[in-house]
Number of protein chains: 2
Amino acid sequence: MTLTEQLADFVVRTRFEDLPTPVRHEAQRCLLDWLGVALGASRHTMVDILLEAAGELGSSPQASILGRDARVDLTWAALTNGSMSHIYDYDDTHLDTVLHPSAPVMPAILALAEGGQMSGPAFLTAFVVGYEVEARVALSVYPSHYDRGWHITGTAGAIGAAAAAAKMLGLNLMQTTHALGTASTQAAGMREMFGTMCKPLHPGKAAANGLLAALLAAKGFTSSIRALEAPRGFCHVQSDGPDLGWLTRNLGGTFEILKNSFKPYPCGVVTHPGIDGVLRLREGNSFSAGAVEEIQIRANRLVLELTGKTEPATGLEGKFSIFHCAAAALVDGTVGPAQFTDDRVRDPRIIAARGLVKVEVDRDVREDEAVVSILLRDGRRLEDHVVHASGSRENPLSDEGLRKKFKSLTEGIISAQQADRIIQLVREIEDIDDMGVLIKACSKG
Amino acid sequence: MTLTEQLADFVVRTRFEDLPTPVRHEAQRCLLDWLGVALGASRHTMVDILLEAAGELGSSPQASILGRDARVDLTWAALTNGSMSHIYDYDDTHLDTVLHPSAPVMPAILALAEGGQMSGPAFLTAFVVGYEVEARVALSVYPSHYDRGWHITGTAGAIGAAAAAAKMLGLNLMQTTHALGTASTQAAGMREMFGTMCKPLHPGKAAANGLLAALLAAKGFTSSIRALEAPRGFCHVQSDGPDLGWLTRNLGGTFEILKNSFKPYPCGVVTHPGIDGVLRLREGNSFSAGAVEEIQIRANRLVLELTGKTEPATGLEGKFSIFHCAAAALVDGTVGPAQFTDDRVRDPRIIAARGLVKVEVDRDVREDEAVVSILLRDGRRLEDHVVHASGSRENPLSDEGLRKKFKSLTEGIISAQQADRIIQLVREIEDIDDMGVLIKACSKG
């Protein structure tokens with residue numbers, strides 16, 4: 001078998017029973033996190049534009065758009081839900097490759113799950129094989145691929161989406177091989193697009209193209225059986241030094257999903273230890289923002305290099321300002337998308353709090369570490385040493401942290417009851433016979 | 001203005017009146033040739049697969065599929081007509097870059113023309129700017145781009161399709177810039193796919209993605225305004241040594257479409273001078289295939305290197321056999337897709353004729369040259385010196401040659417009357433008020 005066929009074989013043969021418990025659990029966590037980031041962005045202008053275009057094309061009502069009452073055809077649902085989930089850049093990350101793995105794969109199979117009487121275990125299995133394929137493809141081309149300017153979530157993501165969709169559709173080895181190939185020759189997305197609507201479009205197109213590849217392969221469409229490894233195939237064309245060994249080494253024996261990471265806050269990752277410290281001190285002690293005299297953060301040098309903006313003017317700039325992040329944590333007691341609107345960045349109370357934040361660079365402090373000290377007007381000094389920020393490899397976001405993130409993201413989008421219902425359904429996903437139940441729970445509140 | 005904006009500006013500002021007569025004439029020739037190659041392949045299995053998938057997705061009846069009675073939405077029409085026109089690999093070529101320029105651009109604007117009350121001149125103008133943009137993008141990344149393994153028709157084609165669609169939609173400078181950018185970040189297609197259904201899929205996807213980019217840009221979708229030239233933009237990501245000067249050098253002063261070339265026969269280009277000679281001798285003298293004792297072809301060395309297969313077993317192999325090509329020309333008196341079916345390659349009369357063909361390599365004979373000598377059983381020897389093969393730069397296919405090609409391609413697909421009607425409508429395209437008339441003439445016969 002070629003390397004591409006070996007990956008296809010893994011997709012075809014993997015059963016839910018083959019997935020170790022931690023793998024199943026992580027897949028469930030991915031689902032909850034992905035639904036949250038997608039629902040949270042479901043009111044964004046970009047979603048309006050996509051749905052308007054779908055309407056203009058007369059797209060058929062086959063599958064739901066999360067958090068909206070729109071229904072569009074399978075590929076448009078994959079495109080829209082996939083784009084939506086990457087708008088805030090708050091979705092999960094495969095740290096070894098900076099791939100955002102859920103955004104391209106989840107929407108492709110969610111679209112298929114709606115009409116297909118698909119069980120929770122079947123859904124999780126398709127997701128895990130999709131994740132494994134995209135992560136291995138990403139590992140095989142990384143880092144040259146990313147350095148060249150490819151947005152790995154758009155490229156490897158399309159191949160992962162095809163793998164997952166092929167699994168959902170029950171394709172055989174040859175069909176799955178052609179699905180992977182047909183996806184690989186559509187794989188695209190450039191880093192030049194960061195900061196524009198094209199960035200979230202990349203996982204959306206990856207989802208739609210991967211799904212299309214699987215739908216075509218089911219009908220006999222042909223591609224190369226060496227699509228990934230051939231001299232003019234995906235890995236060599238999109239990387240200057242691919243390591244093809246990654247594609248199949250110990251395939252089925254290890255699971256890349258176990259290296260997944262969830263973002264606790266939708267802002268520059270180096271600000272996270274500082275935010276952790278402020279939030280913990282605020283929660284653990286009773287004081288109001290007005291009672292604070294000074295917030296001192298001892299931090300790694302990258303904090304000022306990457307997020308040293310003292311007077312951010314827009315929500316986007318706020319994401320790259322440790323001063324705004326710490327101030328918002330102090331005033332609002334939470335750090336989610338709502339803390340990065342233009343309005344919030346210009347709020348006088350937050351601007352005032354920003355002035356209290358002092359950052360001291362310490363060469364002995366690691367990137368995921370910070371020492372936060374808050375001096376109160378009454379003279380008390382509170383201190384918290386964040387050894388590993390939440391969401392870091394050593395301190396992954398807890399299930400409870402993920403639930404909190406989900407609640408915070410979906411506030412104002414769906415009702416609290418609906419949010420709780422989704423959390424519960426995802427927790428019980430292994431017992432769900434028809435994923436349509438979950439999808440229905442995610443429709444417009 | 002950035003380079004990407006300068007290209008967009010050219011798209012926005014070019015009027016039909018700005019197009020020199022030879023440019024208009026060549027655009028008209030492209031249209032007839034493109035319609036012919038698309039109609040000719042309209043019964044192919046791959047088209048069935050695409051239309052079946054479109055049906056499964058409930059695609060709305062917005063635009064026609066050439067030669068079929070199916071109607072699908074605009075993007076699916078672009079995808080299907082675009083794929084169809086590259087199935088036989090018989091469509092036109094921008095020789096400097098081996099880009100097939102019509103296949104991605106024509107279907108994107110044909111889809112828009114159907115519903116839009118679009119005039120012939122407006123259509124030709126959109127095509128010419130689309131051609132210019134894709135050819136300049138192709139020139140800027142060639143040859144490294146192609147050497148790396150990119151199928152330039154799929155990549156540069158998407159950007160050309162976006163330019164043409166933006167023109168048809170009347171987008172402004174900013175919208176057109178974002179359309180080019182949004183297309184460039186979807187641009188894909190690998191040479192590894194040659195010989196599979198993915199190869200013709202590339203221009204189909206290019207057409208659909210370019211059209212989608214323009215539709216989204218019309219609604220305010222954003223991309224980078226330096227999408228083509230930025231360090232992580234299209235040219236640098238997809239080429240190791242781009243020449244950005246090509247993007248805008250003398251833009252509007254020269255037209256790449258004047259370097260366009262049409263294929264007279266759907267087989268390896270080095271066989272063309274030999275085929276020319278056999279056909280001319282057969283037409284100019286009255287003899288039957290049975291009267292021939294020997295066919296001698298003095299040819300460039302590449303003829304045996306690239307098309308030296310003496311006993312082809314399939315239609316595809318026949319395309320790379322000078323022996324089959326010359327034999328088919330002798331027996332059938334024409335060389336079109338019908339001469340490259342498996343059945344035709346296995347026909348005893350053609351196999352017998354194949355045995356009469358002798359090829360003699362001559363280092364003084366150029367690639368587009370051949371000396372064909374036919375010895376008849378009655379002792380007569382007929383000779384023809386093909387100085388420049390038809391379809392070569394020095395001997396472009398004549399209007400009459402293009403009409404013959406069109407008739408031969410559409411035989412059995414549409415009626416002869418319908419074919420004549422299309423030829424006439426294309427000849428009079430500058431006077432057409434509504435392109436819907438032409439599209440209707442191309443529907444199922």
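The values are calculated or read from the model by the stated rules, or taken from the named source; none is laboratory data. Note that this is a predicted model, so its numbers are computed, not measured. Using ideal geometry, Cβ is built from the backbone for each residue, glycine included, and neighbour counts are taken over all protein chains shown.
Take the residues in region A:55-99 that are touching a Pro at 6+ places or on another chain (Cβ under 6 Å) and hydrophobic (A, V, I, L, M, F, W, C), then tell me which one is nearest to A:A158 (Cα to Cα). Restricting to residues being touching a Pro at 6+ places or on another chain (Cβ under 6 Å) and hydrophobic (A, V, I, L, M, F, W, C), the top hit is A:A78.
Restricting attention to region A:140-167, the residues being in a helix (DSSP H, G or I) and surrounded by fewer than 24 Cβ atoms within 10 Å (Cβ to Cβ) number 4. Only one of the numbered conditions (1) at the interface with chain A (Cβ under 10 Å from one of its Cβ atoms); (2) outside any loop (DSSP other than H, G, I, E, B); (3) of a type in the set (F, W, Y) is not met by B:F221, and that is (2).
Confirm whether B:D368 is under 30 Å from B:T21 (Cβ atoms), within 28 Å of the chain's Cα centre (by Cα), modelled with pLDDT under 95 and of a type outside the set (F, W, Y). If you could, list the steps in order and put the result at the bottom.
Values: under 30 Å from B:T21 (Cβ atoms): yes; within 28 Å of the chain's Cα centre (by Cα): yes; modelled with pLDDT under 95: yes; of a type outside the set (F, W, Y): yes.
It is true that B:D368 is under 30 Å from B:T21 (Cβ atoms), within 28 Å of the chain's Cα centre (by Cα), modelled with pLDDT under 95 and of a type outside the set (F, W, Y).
Considered as a group, the residues in region A:234-261 that are within 18 Å of A:G149 (Cα to Cα) and touching a strand residue (DSSP E or B) at 6+ places or on another chain (Cβ under 8 Å) include one that is nearest to the other protein chains (Cβ to nearest Cβ), and that residue is A:V237.
A residue that is in a strand (DSSP E or B), exposed (fewer than 13 other Cβ atoms within 10 Å of the Cβ) and in contact with a strand residue (DSSP E or B) (Cβ under 9 Å, 6 or more places away or on another chain) occurs somewhere in region A:374-381.
The residues on offer are B:I49, B:I65, B:I87, and the sole one that is under 25 Å from B:F340 (Cβ atoms), assigned by TED's automatic domain parsing to the domain that holds B:A166 and modelled with pLDDT under 95 is B:I87.
Exactly one residue out of A:K219, A:K205, A:K263 is among the basic types (K, R) and under 29 Å from A:E367 (Cα atoms): that is A:K263. Checking B:I152, B:I109 one by one, the residue that is more than 24 Å from B:D431 (Cα to Cα), in contact (Cβ under 8 Å) with a residue 24 or more places away in the chain and not charged (D, E, K, R) is B:I152 and no other. With (1) more than 24 Å from A:A111 (Cβ to Cβ); (2) in contact with a helix residue (DSSP H, G or I) (Cβ under 9 Å, 6 or more places away or on another chain) as the list, and A:D364 as the residue in question, which single condition is left unmet? Single failed check for A:D364: (2). Among residues of region A:51-63 that are facing chain B (nearest Cβ under 7 Å), those with a beta-carbon under 7 Å from a residue that is modelled with pLDDT under 95 at least six positions away or on a different chain give the pairs A:Q62/A:G115. I'd like the full set of residues that are under 15 Å from B:R29 (Cβ atoms) and not in a helix (DSSP H, G or I), limited to region B:96-109. Hits for region B:96-109 are B:H100, B:P101. Of all residues in region A:311-335, those satisfying the criterion of being in contact with a strand residue (DSSP E or B) (Cβ under 8 Å, 6 or more places away or on another chain) and either surrounded by 24 or more Cβ atoms within 10 Å (Cβ to Cβ) or among the small types (G, A, S) (or both) are A:S321, A:I322, A:F323, A:A326, A:A327, A:L330. Condition test on B:A187, is it outside any helix (DSSP H, G or I), within 20 Å of B:M106 (Cα to Cα) and in the same structural domain as B:A41 (by TED's automatic domain parsing)? It is true that B:A187 is outside any helix (DSSP H, G or I), within 20 Å of B:M106 (Cα to Cα) and in the same structural domain as B:A41 (by TED's automatic domain parsing). Filtering region B:202-218 to residues that are facing another protein chain (nearest Cβ under 7 Å) and under 17 Å from B:A8 (Cα atoms) leaves B:L215, B:L216. You will find that of B:T196, B:T185, B:T222, the residue that is free of Cβ contacts under 8 Å to residues at least 12 places away in the same chain, over 17 Å from B:F10 (Cα atoms) and hydroxyl-bearing (S, T, Y) is B:T196 and no other.
For region B:1-48, the set of residues classified as more than 15 Å from B:L66 (Cα to Cα) and within 14 Å of another protein chain (Cβ to nearest Cβ) consists of B:T2, B:L3, B:T4, listed by residue number.
Residue-level analysis places B:R29 outside the set of residues that are touching a residue at least 40 places away in the same chain (Cβ under 8 Å), in the same structural domain as B:A419 (by TED's automatic domain parsing) and more than 20 Å from B:D92 (Cα to Cα).
Note on region B:386-411: residues that are surrounded by fewer than 13 Cβ atoms within 10 Å (Cβ to Cβ) and either in contact (Cβ under 8 Å) with a residue 60 or more places away in the chain or assigned to a helix (DSSP H, G or I) (or both) total 2.
Of the helices (runs of 4 or more DSSP H) entirely within region A:277-363, those holding at least 1 residues that are under 20 Å from A:G40 (Cβ atoms) and in contact (Cβ under 8 Å) with a residue 40 or more places away in the chain occupy A:315-318, A:322-332. Quickly run through region B:248-274 and pick out the residues that are touching a residue at least 40 places away in the same chain (Cβ under 8 Å), out of contact with any Cys (no Cβ under 8 Å at 6 or more places or on another chain) and outside any loop (DSSP other than H, G, I, E, B). The answer is B:L251, B:E256, B:L258, B:K259, B:S261, B:V269, B:V270, B:H272, B:P273. The set of residues in region A:171-193 that are away from chain B (no Cβ under 13 Å) and over 16 Å from A:L74 (Cβ atoms) comprises A:N172, A:L173, A:T176. The residue that is surrounded by the fewest Cβ atoms within 10 Å (Cβ to Cβ), among those in region A:79-115 that are acidic (D, E) and more than 19 Å from A:K440 (Cβ to Cβ), is A:D96.
Among the β-branched types (V, I, T) and within 8 Å of chain A (Cβ to nearest Cβ), is that true of B:T196? Against the criterion (among the β-branched types (V, I, T) and within 8 Å of chain A (Cβ to nearest Cβ)), B:T196 qualifies. The lone criterion from (1) of a type in the set (K, R); (2) surrounded by 24 or more Cβ atoms within 10 Å (Cβ to Cβ); (3) closer than 24 Å to A:D240 by Cβ left unmet by B:R226 is number (2).
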